[in-house]
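What follows is a set of notes on a single structure, which appears directly below.
Values quoted throughout were computed directly from the atomic coordinates according to the rules given, and no laboratory measurement underlies them. Since the structure is predicted, the reported quantities are computational estimates derived from the model, not experimental observations. Counting neighbours? That spans all protein chains shown, and the Cβs are built from the backbone with ideal geometry, glycine included.
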Amino acid sequence: MNDINKLFVKSKLIPAIIQCNETGEVLMLAYMNQESLEQTIELGETIFWSRSRKQFWHKGKTSGHTQRVIAIHSDCDDDTLLIKVEQVGNACHTGTYSCFFNEIKLDNKR
């Protein structure tokens, strides 16, 4: 898909799920606007839109923990991205490889 305009019809921001290409592990969730997606496609590394700082965020620019883009897919509704990456270092700002390390225990007494 080369027409990325359709991804931003519903909203100016689209969630991007970042997945390790090698293992399939989900590393993080971030948001992209049209310009950050275009920059990501052009550069081959992830660039997000920071909702809190209201600015572009080139993943790993300061930490060195970059994400080389292997593939980008949109979902069936064109409102979520799945970006497969080669992760260098940790994906999470806390120092862990993945941002998804807080397990919520299930109540197995159903």
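Please determine whether any residue of the stretch 7-27 is surrounded by 13 or more Cβ atoms within 10 Å (Cβ to Cβ) and free of Cβ contacts under 8 Å to residues at least 24 places away in the same chain. No - not one qualifying residue is present in the stretch 7-27. In the stretch 88-97 there is no residue that is more than 19 Å from GLU25 (Cβ to Cβ) and not aromatic (Phe, Trp, Tyr). A Cβ distance below 6 Å, combined with a sequence gap of six or more or placement on separate chains, defines the contacts here; from the stretch 30-42, residues that are at negative phi and surrounded by fewer than 19 Cβ atoms within 10 Å (Cβ to Cβ) reach no residue that is acidic (Asp, Glu) and outside any helix (DSSP H, G or I). Candidates in the stretch 8-30 are the residues that are over 20 Å from ASN90 (Cβ atoms) and part of a strand (DSSP E or B); of these, the one that is nearest to the chain's Cα centre (by Cα) is PRO15.
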